[in-house]
Every structure is written in C-alpha cells, then in structure tokens.
Amino acid sequence: MREPVLEVKGLETVFKTEEGSVPAVNGLDFSLYEGETLGIVGESGCGKSVAALSIMGLIPSPPGRVAAGQIMYRGEDLLGFSEERMRRIRGNQISMIFQEPMTALNPVYTVGNQIEETFRQHRNMSKQEAFQKSVQMLELVGIPLPEQRAGEYPHQLSGGMRQRVMIAMALACRPDVLIADEPTTALDVTIQAQILNLMKDLKKQFGTTIMLITHDLGVVAETAANVIVMYAGEAVEYAGVEDLFNAPRHPYTEGLLGSIPKIDESCEMLTTIEGVVPSLMDMPEGCRFHPRCHYKKELCTQKAPPLVESGASRVKCFKYTDQWPHRNRRTISP
Amino acid sequence: MRQYIIRRLLQAVPILFGITLLTFLIMQLAPGNPLQTMIDPTISMEEINMAEKKLGMDQPKIIQYFNWLREILTGNLGYSVKTGQPVAKLIGERLPATLLLTMSAFFISFIIGVPLGVYSATHKYSAGDYSMTFLAFLGISIPNFFFGLGLIYVFALKLGWLPTSGMATIGADLSGFNGVLVYARHLVMPAIVLALPNLATVMRFTRSSMIEVLLHDFIRTAKAKGLTHRRVIYKHALRNALIPVVTIFGLSIPFLFGGAYITEQVFNWPGMGSLGIQAITAREYPIVMGLNLFTSILVLMGNLIADISYAFVDPRIRYS
C-alpha cells in the first residue's frame, strides 16, 4: 500500500458573514497518493477552491478560517505549522496554479523576475543563477525564445503563454504536490489541450503529484486517475475515473454526466440538473442534494447519508445503504 | 521609453503657449492700467498717451501679446512698476527659498505618507488605522495658517526650540555644517505645515490603492510562491499601489506652490509666495504675471515628471 503524500481529514473551512459563519467546506476527507493525479470536480461554489486554499494555508482571514480537521503532509499536520514554516512549504513542496493567468501574474514585473523570485526565496540563489534557472524553466514549459521572453511583461504574452509561465513558476522548485485550480478554464479549447498535455508531460518527468480542480469532466477524463465529486462543500463520490464515467453512483454525478452533450446523439435541449446549488447560508436538512434529486425518499430529507462503499467507489447516498427501500436497491444479489 | 518621453515633451509645448495666452488675458482683464499707478495723477492725458506709445500699449492687443511673448522667449519677464527691477531677477532671488520649502514639503509628504498608508492598509480597521484616518482628516481640515500659528506658539514661544520665522538668523554663521543647521531649524515648521495636508492626501490615497491591490489575484500568487510577507507587500503590492499615487505627484506640485503663498506669509519665509502677495497688494502686474507664468511652468514640469514616473512604474504604459 502506498503512503499518501497528502491526507485531508474532516476539513471544515468556515467564513464569517454578517448572518453568522457559513461552512464553505464541510467535513472533506481525501488522500493524495504519490505520483497520482486526483481530479476534484463540482459546480462553482461547491468548495473546491476553498479546499485548495485551505491546504495552502491561504484562506483569507478574516473572514475565513479552517475550523476543524487535519491536513497531513508526509505525516505532519500543516494546520499546526507556524506561518513561517508554512511559507517555506508554499511554492517549495506544495505549489499552486490558478485559473486566471491574466490576473495571476504581477503586471509590473517581468515574467523572468517572477520565476526568479521563487528560486531566490527557497533556494537562496544568486540573481544570475536564478535567471538562468528561470530561462530553463521557461524552455521546459515550451516557451520559444525563453531568454527573450524572460525579459517581457505579462501583458506582452498570450493567455496560453501566461499559463505556461504560471506552471513554470509553480514547478520551479520541483514541488511534491501541485494544486491546479481550474488551470485551463480561462483558455481557448486548443490551448487547453496543449496545457493539459504539458502538465501530463511534466508530471511524467518529475513525478509530481497533482490535485486537479475543475468543473470540466472532459479535463478529468483526460488527466486524472481518481476523482472526487464535490457538492455543497462535501465530497459525495470517490471513484476511479473509469468507474466514474461508466458507472456513476451518486445521483449528482449521474446528473453531471447526463448534462454533457453527446457527439453521436442529436438533441434540442441540453439536459440539466434541476435547481441550483443551495446557498451556504441555507443548507437543506438531511442529504444536501435531496431538493434536486430524482431518487429522493423521505429518508433523504431527514438525515445526512453516510459514506458507503459501492463496488470500487465510495459514495455518500442512501441508495447504496440497507436503509433504502428494497425494490429500488441497485445491487443485485446473485 | 525614450519615445514616450519625447512625445510628452512635445505635448508640453502647445500647453506652454496656452499658458502664456491665459496669463496675458488675465492681465488684460484685470481692472486698471499699470501706467496709472506709475505716473503722477497731475500729469496730462497727452503725456500718458506718449508714455503708452513708448511702451507699445497703444497697439492692438494681439500685437501686444506677441511683443510680450517675444520678450519672454528672450528671457525678459518685464520690470517692476515701482522699482524698475527686472521681474526675472526678483523671481530669481526668491526662487531658491520657495523651492527649498516646497521640495522639503514634497519629500516629507511622500516619504512619510506612503509608509503610513501602507501600514493603514495592511492593518485595515485596526486601532492604528483608525487613529491614522482621524489624523489624516485633521491634517486635511486644519487651515495652514492656523496650524502654523499653533506650531509657532508651542515650539517657538512656549518651548523655545525653534525660531519663530524667517529663513536664517540675522548675523548667524552660515558657513558649512552650522549654516545647514540654521536653515534646517528655520525650515522644520513651515515645511511640516505645508506638507501636512498633502501628506494626509498621499496617505489616504496609498491606503485605498493598497487595499484594492491586495485583493488582486497576483498577490495570492505571490503568497502561493512562499514569498515572505515583506516581499509580498513591499515588492508585489506597493509597486502596483503606487501607480495611482503617482498622480498625486503631479497634483501636489501646484497644491504646494499655492499653499506656499500662505505658509510663507505665516513664517515670513522670503520666497515667491510672499513676493506674490506683496505684488498683488501693490498692483505690481508685471510681477504677478511673471510669477503666474513661472509657477505654471513649474507645474507643467511637475506633471511631466509625474507622467514619466508613470511609465517608470507601469510597464504597460511604457510599452504601448
């Protein structure tokens, strides 16, 4: 059994608002194993990014705060680290790339300077050495004329180039774990594919463990081995990528897959999941998905479903428990 | 970058002509005729007409303007009505004192204002931030002359630490370090009085600009890179936050020259401001005009420097 690099246990991140504190992530558990790519999928506002920022220790505080749980990194709880110790981990052992390459780079410094900084901060390199390393990184992420590009400012580069710069920056110190928060969302489809391929290549080269956050199931299918589906601050399904697409367990996952238009079928209207993600202020009782669920039973409105195993997947749904009314149970006994 | 500076310099030329035209028009609109204050009232109309002809005042206004412009371009700003001294020389005598005062105030307001603004922004809504906000509004609201008199009362009269007025003590040894000390002791209060409202503005501007910049994605990126708090604030945030503050660079120059008129009066500072007030009360139009023109040129230069600083801090301006 491989050891997990990163293990998140019962993570609860809350934000203080005028109407009281609301949990954006509520009891999230998952493990990230050495060298794997874990996809985290869910709609906007389901807590994916908040989970990532919690791991990085970058939850804006106030109003945010990690209220409970553990984030074990190689056997130590990151939540117990001092700010200084956490800072030395960020960008060094655990690094992150963000959705908007347009705004995630500082407009007043050259891209070379922004990569150099990482080396100078964590590796204590001289300016010259850091510059050479940065040029190497730019070359590695497939930027032509890296030496010249290093002296350019972000506004002189295209969106795809900027995201490559972000990747170069994040991978500069050869981190153990790379958290990619919607790395391709802001890019053109063709550029998306290039960036995903680049990430796959680099992962093979460095053996980086990747936590890939996305709302795009296509991206997950292409890159991840294991997937977590998040809904309203919780993980509702853990599955291998094949299982997820072939045999989705949670009704929400089913809905997500159902809403992807198929290339071999014509349809007038896209299938959607009825309703919207509930507001964090006003979470429904019981299963958080029940107001939008086709399989809803009375049981679902009363208490939260437990996490149960179903095949190789784990799912938070009463359908897969003994409490579900028998005729609807999916598991067929021989 | 060089192209940008050349372009801005060329743009300054028509503005400069506009300034000369406005200055001339203001003078023409002012009631009275400079000759009337120069000549004995018992003198006959004929003699006045002769004098007007001699001075070129009988010619059409437009010709007069170009005559004046020609003289200005050769460096002649005209003569004092009362003493006949060249205006350029009068301004030249007063300029160093005013420059010393305004530049000191300029540096005080930015060197103190920017760090205080950064502190306020990074300690948003703390007791320190609130006290700073309170002091800033006090600084903007207190009139120059009142604050100046208050300082004189406390530090010159009651405590006796600083001289009440003037630029140097009469009969003091002004050579070497001792001279610097004498000037500095005289400069402290007027410079602080002149700087205060500007300092408060700079501080408030830096604060709000900094708070806005701290919400940007690239600040999160800088943190995610594991940079120290100091580098995130002073390297990544401050440089961006200073872009709007540079506007105040340009704006504060006319503000400081204007404020100098009153401050110089309160502290009896021998600068252009007190010359200006004397000239206005004595109807010395050539001096007032010369001062107007000269101050406008300084303001124009200040704005030019601000524009160039923009390009210096923001590469997006430099490269487009």
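The values are calculated or read from the model by the stated rules, or taken from the named source; none is laboratory data. Predicted, not measured: the structure shown is a model, and the values here were computed from it. When we count neighbours, we look across all protein chains shown, and the Cβ atoms used for this are built from the backbone with ideal geometry, even at glycine. The area values use the complete protein model at the heavy-atom level, side chains included, leaving out ligands, DNA and RNA. Shrake-Rupley method; radii C 1.70, N 1.55, O 1.52, S 1.80 Å.
Tabulated data for the structure shown
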quantity: Qualifying position, being at pLDDT 90 or above and within 21 Å of B:ILE305 (Cβ to Cβ), among B:ALA241, B:ALA224, B:ALA237; calculated: B:ALA241
quantity: Residue that is modelled with the highest pLDDT, among those in region A:255-298 that are among the aliphatic types (A, V, I, L, M) and closer than 16 Å to A:ALA235 by Cα; calculated: A:LEU256
quantity: Selection count where residues are charged (D, E, K, R) and either buried (at least 17 other Cβ atoms within 10 Å of the Cβ) or not in a helix (DSSP H, G or I) (or both), scope region B:50-91; calculated: 2
quantity: Qualifying positions in region B:195-238 - over 28 Å from A:SER82 (Cα atoms) and either within 9 Å of another protein chain (Cβ to nearest Cβ) or among the small types (Gly, Ala, Ser) (or both); calculated: B:ALA195, B:ALA200, B:SER208, B:SER209
quantity: Residue in region B:289-314 that is farthest from B:GLY250 (Cα to Cα), counting only those that are without any contact (Cβ under 8 Å) to a residue 60 or more places away in the chain and open to solvent by less than 40 Å² (accessible area, probe 1.4 Å); calculated: B:THR295
quantity: Criterion (more than 14 Å from every other protein chain (Cβ to nearest Cβ) and more than 15 Å from the chain's Cα centre (by Cα)) met by exactly one of A:ASP176, A:ASP188; calculated: A:ASP188
quantity: Spans of helices (runs of 4 or more DSSP H) in region B:257-320 with at least 2 residues within 14 Å of another protein chain (Cβ to nearest Cβ); calculated: B:285-313, B:315-318
quantity: Members of region A:62-107 that are within 21 Å of A:GLY160 (Cα to Cα) and open to solvent by 60 Å² or more (accessible area, probe 1.4 Å); calculated: A:GLN99, A:GLU100, A:MET102
quantity: Those residues of region A:108-129 which are buried (at least 17 other Cβ atoms within 10 Å of the Cβ), of a type in the set (Asp, Glu) and more than 8 Å from every other protein chain (Cβ to nearest Cβ), in sequence order; calculated: A:GLU116
quantity: Any hit, region A:299-319, residues being closer than 19 Å to A:LEU256 by Cα, modelled with pLDDT under 80 and either out of contact with any helix residue (DSSP H, G or I) (no Cβ under 8 Å at 6 or more places or on another chain) or in a loop (DSSP other than H, G, I, E, B) (or both); calculated: no
quantity: Elements of type strands (runs of 3 or more DSSP E) in region A:14-96, at least 1 residues being at pLDDT below 85 and touching an Asp or Glu at 6+ places or on another chain (Cβ under 7 Å); calculated: A:20-33, A:64-73
quantity: Inter-residue pairs, beta-carbon under 6 Å, first in a helix (DSSP H, G or I) and in region A:285-297, second acidic (Asp, Glu) and open to solvent by 30 Å² or more (accessible area, probe 1.4 Å), 6+ apart; calculated: A:ARG292/A:GLU274
quantity: Count of region B:133-163 residues which are in contact with a helix residue (DSSP H, G or I) (Cβ under 6 Å, 6 or more places away or on another chain) and assigned to a helix (DSSP H, G or I); calculated: 8
quantity: Near pairs, Cβ below 8 angstrom, 6+ apart or cross-chain, from region B:85-104 (over 12 Å from B:GLY271 (Cβ atoms) and not assigned by TED's automatic domain parsing to the domain that holds B:ALA260) to any residue that is open to solvent by 60 Å² or more (accessible area, probe 1.4 Å) and among the basic types (Lys, Arg); calculated: none
